[in-house]
1. Which percent, nearest 5, of DSSP beta bridges in the range 143-293 are antiparallel?
2. Relative to 2.2 N^0.38 Å, what does the C-alpha radius of gyration of the range 27-100 come to as a ratio? Two decimals please.
3. Counting only protein heavy atoms and using a 1.4 Å probe, what share of the accessible area of the chain belongs to carbon plus sulfur, as a whole percent?
4. Taking the Cα centre of the chain as origin and charging only Cβ (+1 Lys, Arg; -1 Asp, Glu), how large is the dipole, in debye to the nearest 20?
5. With the Cα gyration tensor of the range 59-156 giving a ≥ b ≥ c as the square roots of its eigenvalues, does the rule (a/c under 1.5 for rounded; else a/b larger than b/c for prolate; else oblate) give rounded, prolate or oblate?
6. When all protein chains stay in place, what accessible area (Å², nearest 10, 1.4 Å probe) is found for Y274?
7. Taking trypsin sites (Lys or Arg not before Pro) as exposed when DSSP calls them loop (any state but H, G, I, E, B) and at most 11 other Cβ atoms lie within 10 Å, what is the longest stretch of the chain free of them, the sites themselves excluded?
8. Within the chain, what is the number of lysine pairs with alpha carbons under 30 Å apart, leaving out pairs fewer than eight places apart on the same chain?
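The values are calculated or read from the model by the stated rules, or taken from the named source; none is laboratory data. This one's a predicted model, so the numbers in the text were calculated from it and none came from an experiment. Neighbour counts are summed over all protein chains in view; Cβ atoms, including those assigned to glycine, are modelled from backbone coordinates with ideal geometry. SASA here: full protein model, heavy atoms, side chains in, ligands and nucleic acids out. Shrake-Rupley method; radii C 1.70, N 1.55, O 1.52, S 1.80 Å.
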Amino acid sequence: MIKWRGIAIRFHPLFSLLMLAAVATGYFVELLTLFAIVLVHELGHVVAAKSFGWNVIRIELLPFGGVAETDDRGGSSAFQEAAVALAGPLQNVWMALFAVLMGRLGLWDADWRDYFIQANVMIGLFNLLPILPLDGGKVMQALVSRWLPYYRSLVLCSLVSLVLAATLGLAALLGARSGGVHLNLLVIALFLCYTNWHGYRNASFRFIRFLMNREPVMERLIDKGTLAQPIVIYRHRQVGDIVRLFMRDKYHLVYILNEKGRIQAVLPEQKLLYAFFQLNAPGSAVSDVFVLE
């Protein structure tokens, strides 16, 4: 493990074995170049994340790529998440353009230039696939959360990613018809399937973290003078069901109706969060928690 500006860069235990295999097969320079490209890609995420004040935990280089582990404390906007995600593939763009320039200046031979460009295109485009936790998946989730309640966006994007990851795995297996199974792609697909199945099953825990960090988000939105997003529900709806309607970059006022469709109360979302956490009443009807006129 090494450190860069206080950020730990950790190498997966299999990294050493891959390097030894690369030396034995004569592909050491190529493999080292791939990991250097991946590292620059991840540093793009790090720089963007730190510009938004996120806490960067570490960078981990895996046998099939890398990951920059960040902690935005659940208070980031959809724009910030998309910007941090896209900062990685943008590094592949400038590196590919740099290779083109070096080739035109005659400083790199054609074979090396082509290899460097192809590696960046491959890494950049693969990361833009709409599969979590790839960059494209994070952009997808950021966009979906602009139109759907945050809990639904977590569940939907995990399921979509799971289906697409399984499709990748199937494509890798079908490659046997044209020369053999694409083992690297199959391993990555299995990893993505596991990650998204785990993400789907833990959507509720991720949502709780989102709710726990609503206060700074609410303060920011109110300071901006944002228009409140109304939520209209009947008085028998449970508190837990109501908070699952909260959206990422919106501040909510909850309109509570009686059986005749008349408004009995208008509650700011802080009241619902208080009932959810402080009163521990996620399973209670809102009419049982609050005195409604």
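1. Roughly 50 percent of the DSSP beta bridges within the range 143-293 come out antiparallel.
2. 1.18
3. 62
4. 580
5. Taking the square roots of the gyration eigenvalues as a ≥ b ≥ c, the range 59-156 is prolate.
6. About 120 Å², ignoring ligands and nucleic acids.
7. Free of exposed loop sites, the longest segment is 6-223.
8. 12
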